[in-house]
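Novice: Sharing a structure with you now.
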Amino acid sequence: MRPREVRPLLRHPIAARRGIAFLFGLLVATSAAAQLVERVVDGDTIIVEGVGRVRLIGVDTPETVHPNRPVEFFGKEASAFTKGLLEGKRVRLEYDQERQDRYGRTLAYVYLADGTFVNAEIIRRGYGHAYTRFPFRHMEAFRQFEREARDNRRGLWGEVVGGRGGAPDGGDGSSAEARRETPAGLPATVYVTRTGRKYHLDGCRFLSRSRIPMPTNEAVERYELCGVCAARLKAQQ
Ligand SMILES: [Zn+2]
């Protein structure tokens, strides 16, 4: 049996070459298990040697580098957290169905050598939201991590202090009277969008492009209630 299997391969050098190319491909894939993180751009974007700009799938951290917007609350902390975890480290990248986003960034799950799942860790520690605009295979787990982080008031889900969203460093932190009252009739959680300045109730049509859950007491500090949602809220009362 064996000689018959081997001989056709030897007679067909192209097939043999293809086999070698396949094995070489496997080797390349294996060596990709340890790629160097050259730089951390912000909490959810890194630059990986040989890959370029990588956006971590399923996690959204507060902005620090958007050209037209101020640094968002907890943006610096989120950036520092990701830097501490990843800068100069070797990582393994895994991919989901979409390999790139519309900005040409590679979309990936990032793992440290010790197995730490970085995308999940950022959410679990409260340095970012689960980003669920696009489906991905860990979405349910990430939503759960976010709920746990919020319930335990970790990171950006922590106690609301005065000055949030104003001064980049969060103000003096002692002015409890600076807290705004939550408008009557709002649920405990509202939704914001990746780029908008308003917060919304579940089901608002403006949430079709992105939908980031946020505790209402935090949203009212940083965003305005959307007009459509305000009308809906009034109609309910
Ligand atoms: Zn709305």
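The values are calculated or read from the model by the stated rules, or taken from the named source; none is laboratory data. What you see is a predicted model, and the numbers here were worked out from it, not measured in a lab. Neighbour counts are summed over all protein chains in view; Cβ atoms, including those assigned to glycine, are modelled from backbone coordinates with ideal geometry.
Novice: Can you confirm whether residue 133 is in the same structural domain as residue 82 (by TED's automatic domain parsing), at pLDDT below 90 and closer than 28 Å to residue 100 by Cβ? Spell out how you get there, then give the answer.
Specialist: Numbers: in the same structural domain as residue 82 (by TED's automatic domain parsing): yes; at pLDDT below 90: yes; closer than 28 Å to residue 100 by Cβ: yes.
Criteria met by residue 133.
Novice: Of all residues in the stretch 136-148, which are part of a helix (DSSP H, G or I) and within 17 Å of residue 99 (Cβ to Cβ)?
Specialist: Within the stretch 136-148, the first condition is being part of a helix (DSSP H, G or I), and the residues that meet it are 139-148.
Scanning the stretch 136-148 gives no hits.
Novice: Inside the stretch 95-124, can you point out the residues that are out of contact with any strand residue (DSSP E or B) (no Cβ under 7 Å at 6 or more places or on another chain) and buried (at least 18 other Cβ atoms within 10 Å of the Cβ)?
Specialist: Looking only at the stretch 95-124, we keep the residues that are out of contact with any strand residue (DSSP E or B) (no Cβ under 7 Å at 6 or more places or on another chain), and these are 97, 102-104, 114-116, 120-121, 124.
Once the filter is applied, which keeps residues that are out of contact with any strand residue (DSSP E or B) (no Cβ under 7 Å at 6 or more places or on another chain) and buried (at least 18 other Cβ atoms within 10 Å of the Cβ), the stretch 95-124 yields 120, 121, 124.
Novice: Right, next: Consider the stretch 130-145. How many of its residues are in contact with a Ser or Thr (Cβ under 9 Å, 6 or more places away or on another chain) and either among the charged types (D, E, K, R) or under 16 Å from residue 217 (Cβ atoms) (or both)? I'd like the intermediate steps shown before the answer.
Specialist: Keep residues of the stretch 130-145 that are in contact with a Ser or Thr (Cβ under 9 Å, 6 or more places away or on another chain), which gives 131-133, 139, 142-143.
Remaining after also requiring either among the charged types (D, E, K, R) or under 16 Å from residue 217 (Cβ atoms) (or both): 133, 143.
Counting residues in the stretch 130-145 that are in contact with a Ser or Thr (Cβ under 9 Å, 6 or more places away or on another chain) and either among the charged types (D, E, K, R) or under 16 Å from residue 217 (Cβ atoms) (or both) gives 2.
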